[in-house]
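Here's the structure, in structure tokens; my notes come after.
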Amino acid sequence: MVNLILIFIAASVVNNVLLSQFLGLCSFLGVSRKIDTSIGMGGAVIFVITIASLVASLLSKFVLIPLGFDYLNTIVFILVIAALVQIVEMFLKRYIPSLYKALGVFLPLITTNCAVLGVALKNVSNGYSIIQSVVCGFGTGVGYMIAIVILAGIREKTEYNDIPGPFKGSAMTLITSALMSIAFMGFAGVI
């Protein structure tokens, strides 16, 4: 149990996928304008990364490795992630259309989000069990959500501040992201 808690804390805070590993930045920078859409995107990423970690671990342990096809991990995991994103997209379009419209093009981009694929491949290369893979995937998704909601909150606050012209918009977002990354790097070596 302690091992699972350590995996969760390491995945969500210490080795934050966005701020320490710099994976999945396109949706992080694109969707973080409003807290509401950031929470929705964070929830979608949590779901996709957790389920992708589970399915990828199952496929790797029970199909690819026993048959000697472990060199196909990347291709198989991409197909699994694409299918999961389609399920999330259909669900949001049907039941939460406002969030579906707010996320726009960034929802299908979860398919190509390198964070999702990176976690699935990391779980397999670290030799995690199925439970450890799911915990790592969930922790990574929670870390993604923490980072994107913090950035959205900061962006909402700075939107109405008196900021010099050259620093408005993307420049301020990148500076804020860099400072957040420095802050999260302070957790390095904790676990």
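Our coupling estimate for segment 167-179, obtained by passing each phi through the Karplus curve with A = 6.51, B = -1.76, C = 1.60 and θ = phi - 60°, is 9, 6, x, 4, 4, 5, 5, 5, 5, 4, 4, 5, 5 Hz, Gly and Pro reported as x. Label-to-label distance for D162 and K61 is 6.0 nm, based on points extended 7 Å past Cα in the beta-carbon direction. Report the chymotrypsin sites (Phe, Trp or Tyr not before Pro) located in segment 77-121 that are in a DSSP loop and have at most 16 other Cβ atoms inside 10 Å of their Cβ, or state none. For chymotrypsin sites (Phe, Trp or Tyr not before Pro) across segment 77-121 that sit outside H, G, I, E and B with at most 16 neighbouring Cβ atoms in 10 Å, the list is empty. Cβ crowding within 10 Å, taken as a proxy for footprinting-reagent exposure, orders D162, D70 from fewest neighbours to most as D162, D70. Our summary gives the chain a relative contact order of 44 percent, counting only alpha carbon pairs under 8 angstrom and 6 or more residues apart. Remark: the I131-C114 segment gains 3.9 nm on full extension, using 0.36 nm per residue and subtracting the alpha carbon distance. Once semi-axes √(5λ) of the Cα gyration tensor in Å is worked out from the coordinates, which option in [x] 30, 20, 13; [y] 30, 20, 16; [z] 28, 20, 14 does it equal? It is the value labelled [x].
Across segment 35-47, rounded Karplus estimates of 3J(HN,Hα) from the backbone phi angles (6.51 cos²θ - 1.76 cosθ + 1.60, θ = phi - 60°) give 5, 4, 5, 5, 5, x, 5, x, x, 5, 5, 4, 4 Hz, Gly and Pro being marked x.
Ignoring the sites themselves, the chain has its longest run without trypsin sites (Lys or Arg not before Pro) in a DSSP loop having at most 15 other Cβ atoms within 10 Å at 35-167.
Listed cross-link partners K34/K93; K101/K122; K34/K157; K93/K122 are compared with a 21 Å cut-off, the Cα-Cα value being larger for K101/K122; K93/K122.
The label-point distance for I96 and L6, in a model that sets each label 7 Å from Cα toward Cβ, rounds to 3.4 nm.
Each reported figure results from applying straightforward, stated rules to the coordinates on display, with no laboratory input. In this text, all values refer to a predicted model and were calculated from it rather than measured experimentally. Note that we place each Cβ from the backbone using ideal geometry, even for glycine, and neighbour counts take in every protein chain shown.
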